[in-house]
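Mind looking over this structure? Questions follow.
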Amino acid sequence: MLRDALPKIITPLPGPKAKAVIGRRAKAVPSVIRCGYPCVIKRGEGAMVEDVDGNVFLDWVGGVGVLNIGYSQPEVVAAVKEQADRYFHAMFNIVTHEGYVSLAEKLNEIMPVKGKVRNTMFANSGAEADENAVKIAKSYTKRPNIIVFSGAFHGRTLLTMTMTSKKSYSYGLGPYPDGVYRAEYPNLYRAPKGYTREEAVNYYLEKLNRVFEEASPAEFVAAIVAEPVQGEGGFVPAPIEWVKAVRKLCDEKGILLIADEVQTGFGRSGKMFVSNYWEEAGCAPDIIAAAKSIAGGVPLSAVTARKEIFDGVTPGVIGGTFGGNALACAAALKVLEIMKRDNLCGRSLEIAGKCRSVFLSWKDKYEEVGDVRGVGCMMGIEFVKDKGTKEPYPELVKNIINEAALHGLLIENAGTYDNVIRFLCPLVVTDAQLDSGLNILENAIKSSAAKLKK
Ligand SMILES: Cc1ncc(COP(=O)(O)O)c(C=O)c1O
């Protein structure tokens, strides 16, 4: 069965059938929607993909964090089919469908936002969830501004690309929405040289406080929006001391704390949300935006907050035609049931334990591995030219990714400098598949480093 298979490449890549589709793609689809991988999928099961030529890949990208539950989980497939037999869609402003209500009830129970009485609304993508979260915060606080961070990625709509840090996502597309201010994200690896953890956290808090003096006084700030572990920004976790201090700041100044859990959510971190760790430390966010793995690959996103916040929103400003689509809600309800039943959070910690120790051994072994970090199974390996100067090494990462793909392992980069390899493997991966992936990745690191040294 593909679900239990190991990577196996039987043709040159891309194979002949894949090459034909990639050729058609080049003609029919804008080239700016990029793809450098030689894989054209025929079917997927668990953590494995079979391409149209019969090659088998191990997928450690998982649709960029969408496939925590793996490809084609049979019970999720059955739930979607069963829903499809009854109806696809019932616009929620016109016809109430129970799936939406049941899923909202479930998320109100498990999303660790501040406050016990909670509401949830649905949209379709991560960007929409983030954009709605900001609209909700502005409408509730009646304040115009927000604070976001260096390294942040929140999506590609006009507001979310403005919130996103890397300017290549919004180059030449101004004018941008006003009232979006940026502070430095607490990146402990790249804190000023010689700083202790405590000094680094204080340094970043000081940078955040400066925004109130130099950009927007606190009383005009509706929300601070942070990814608990930055995804595109390079898999950088926010230190819990920093989160606690930010929570305190928000409480003192009447600002809402929004956690963008689009990439971090649904078991990836070893808990359902990184905000569960925040909650345990007494610093739960006010609003959580979630998407990606929520419905195992059917487009869906969610925003959860305490009811009082939603009650303060002007009627009409949130919603949308497809938000909470019936097929997506059916998938999400089954995903949540399976994640709990099969203890995928526990599996996430098991996988993390195994891989983290291997990644850390590479840090000792290879001069190019500068940092290994993450929360649970959301791990990143940062590659540098020199451990002392920490100069990013994106050329090496590019080479490693290409090399790994040629041997049947799909991995992706991340980071402001494109020099981080991210680990987003489906949580249903088998131990044998993990071993095989670790082997392919280490060989790719060795051969790419040797090649670039020549
Ligand atoms: C943290 C975060 N927020 C928002 C988004 C945007 O999600 P979408 O591409 O579904 O709009 C992403 C996508 O990668 C993300 O990682």
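The values are calculated or read from the model by the stated rules, or taken from the named source; none is laboratory data. What you see is a predicted model, and the numbers here were worked out from it, not measured in a lab. Glycine also receives a Cβ, built like all others from the backbone with ideal geometry; neighbour counts cover every protein chain displayed.
Consider Thr416 against the criteria (1) more than 24 Å from the chain's Cα centre (by Cα); (2) assigned to a loop (DSSP other than H, G, I, E, B): it satisfies all of them except one. Which criterion is unmet?
(1)
So Gly63 ticks every box in (1) surrounded by 20 or more Cβ atoms within 10 Å (Cβ to Cβ); (2) within 16 Å of the ligand (Cβ to nearest atom); (3) small (Gly, Ala, Ser) but one. Which box is left unticked?
Just one mismatch for Gly63, condition (1).
Restrict the check to the range 169-182 and report whether at least one residue is of a type in the set (Asp, Glu) and either in contact (Cβ under 8 Å) with a residue 40 or more places away in the chain or in contact with a helix residue (DSSP H, G or I) (Cβ under 8 Å, 6 or more places away or on another chain) (or both). If you could, list the steps in order and put the result at the bottom.
So the first thing to find is which residues in the range 169-182 are of a type in the set (Asp, Glu), and the list is 178.
Among the residues that remain, those that are also either in contact (Cβ under 8 Å) with a residue 40 or more places away in the chain or in contact with a helix residue (DSSP H, G or I) (Cβ under 8 Å, 6 or more places away or on another chain) (or both) are: none.
The answer is no, given that none of the residues of the range 169-182 is of a type in the set (Asp, Glu) and either in contact (Cβ under 8 Å) with a residue 40 or more places away in the chain or in contact with a helix residue (DSSP H, G or I) (Cβ under 8 Å, 6 or more places away or on another chain) (or both).
If the requirement is being surrounded by fewer than 19 Cβ atoms within 10 Å (Cβ to Cβ), away from the ligand (no atom under 16 Å from the Cβ) and not basic (Lys, Arg), which of these qualifies: Asn93, Asn145, Asn119?
On the way: Asn145 fails: surrounded by fewer than 19 Cβ atoms within 10 Å (Cβ to Cβ); Asn119 fails: surrounded by fewer than 19 Cβ atoms within 10 Å (Cβ to Cβ).
Just a single option satisfies the conditions, and that option is Asn93.
Find the helices (runs of 4 or more DSSP H) located wholly in the range 244-360 whose residues include 3 or more that are within 16 Å of the ligand (Cβ to nearest atom) and at pLDDT 95 or above, and list them.
Numbers: elements: 274-280, 307-311, 326-341.
Correct list: 274-280, 326-341.
What are the residues in the range 223-237 that are part of a loop (DSSP other than H, G, I, E, B), farther than 22 Å from Asp251 by Cβ and near the ligand (Cβ under 10 Å from one of its atoms), if any?
Gly231, Glu232, Gly233, listed by residue number.
Out of the residues in the range 192-203 meeting the condition of being out of contact with any helix residue (DSSP H, G or I) (no Cβ under 6 Å at 6 or more places or on another chain) and not acidic (Asp, Glu), tell me which one is nearest to Tyr181 (Cα to Cα). So that I can check it myself, show each step before the final result.
Restricting attention to the range 192-203, the residues satisfying the condition of being out of contact with any helix residue (DSSP H, G or I) (no Cβ under 6 Å at 6 or more places or on another chain) are 192-199, 202-203.
Adding the requirement that they be not acidic (Asp, Glu) leaves 192-197, 202-203.
On the way: Pro192: 22, Lys193: 26, Gly194: 28, Tyr195: 26, Thr196: 27, Arg197: 25, Asn202: 20, Tyr203: 18 Å.
Checking each candidate, the answer is Tyr203.
May I pose another question? Might you let me know whether the range 188-201 holds any residue that is within 16 Å of the ligand (Cβ to nearest atom) and under 20 Å from the mean Cα position of the chain (by Cα)? Walk me through how you get there before you give the answer.
Narrowing the range 188-201 to residues within 16 Å of the ligand (Cβ to nearest atom): none.
No, the conditions are met nowhere in the range 188-201.
Could you check the range 147-167 and list, in sequence order, the residues that are among the hydrophobic types (A, V, I, L, M, F, W, C) and either in contact with a Ser or Thr (Cβ under 9 Å, 6 or more places away or on another chain) or in the same structural domain as Ile33 (by TED's automatic domain parsing) (or both)?
Of the residues in the range 147-167, the ones among the hydrophobic types (A, V, I, L, M, F, W, C) are 147-149, 152-153, 158-159, 161, 163.
Once the filter is applied, which keeps residues that are among the hydrophobic types (A, V, I, L, M, F, W, C) and either in contact with a Ser or Thr (Cβ under 9 Å, 6 or more places away or on another chain) or in the same structural domain as Ile33 (by TED's automatic domain parsing) (or both), the range 147-167 yields Ile147, Val148, Phe149, Ala152, Phe153, Leu158, Met161.
I'm trying to understand the selection: among the residues of the range 359-385, which are of a type outside the set (Gly, Ala, Ser), more than 20 Å from Asn399 (Cα to Cα) and surrounded by fewer than 17 Cβ atoms within 10 Å (Cβ to Cβ)?
Initially, the range 359-385 is screened for residues of a type outside the set (Gly, Ala, Ser), giving 359-360, 362-369, 371-373, 375, 377-379, 381-385.
The next check asks that each one be more than 20 Å from Asn399 (Cα to Cα); those that pass are 360, 364, 373, 375, 377-378.
Listed by number, the residues that qualify are Leu360, Asp364.
Could you list, in sequence order, the residues of the range 150-171 that are over 15 Å from the mean Cα position of the chain (by Cα) and within 11 Å of the ligand (Cβ to nearest atom)?
Thr157, Met161, Met163, Tyr169
Please work out if Gly115 is in contact (Cβ under 8 Å) with a residue 24 or more places away in the chain, in the same structural domain as Gly179 (by TED's automatic domain parsing) and within 27 Å of Phe235 (Cα to Cα). I'd like the intermediate steps shown before the answer.
Values: in contact (Cβ under 8 Å) with a residue 24 or more places away in the chain: yes; in the same structural domain as Gly179 (by TED's automatic domain parsing): yes; within 27 Å of Phe235 (Cα to Cα): no.
Considered against the rule, which asks whether it is in contact (Cβ under 8 Å) with a residue 24 or more places away in the chain, in the same structural domain as Gly179 (by TED's automatic domain parsing) and within 27 Å of Phe235 (Cα to Cα), Gly115 comes out as no.
Please tell me if Thr389 is part of a loop (DSSP other than H, G, I, E, B) and more than 27 Å from Cys35 (Cβ to Cβ). Let's see the steps before the verdict.
Details: part of a loop (DSSP other than H, G, I, E, B): yes; more than 27 Å from Cys35 (Cβ to Cβ): yes.
It is true that Thr389 is part of a loop (DSSP other than H, G, I, E, B) and more than 27 Å from Cys35 (Cβ to Cβ).
For Tyr203, indicate whether it is farther than 22 Å from Val262 by Cβ, among the aromatic types (Phe, Trp, Tyr) and touching a Lys or Arg at 6+ places or on another chain (Cβ under 9 Å). It would help to see each step written out before you state the result.
Details: farther than 22 Å from Val262 by Cβ: yes; among the aromatic types (Phe, Trp, Tyr): yes; touching a Lys or Arg at 6+ places or on another chain (Cβ under 9 Å): no.
Here the answer is no, as Tyr203 does not meet what is asked.
Would you please list the contacts, defined by Cβ atoms under 8 Å and residues six or more apart or on different chains, that run from a residue in the range 121-139 that is closer than 19 Å to Ala331 by Cα to a residue that is assigned to a helix (DSSP H, G or I) and near the ligand (Cβ under 9 Å from one of its atoms)?
Ala123/Ala129; Gly126/Lys292
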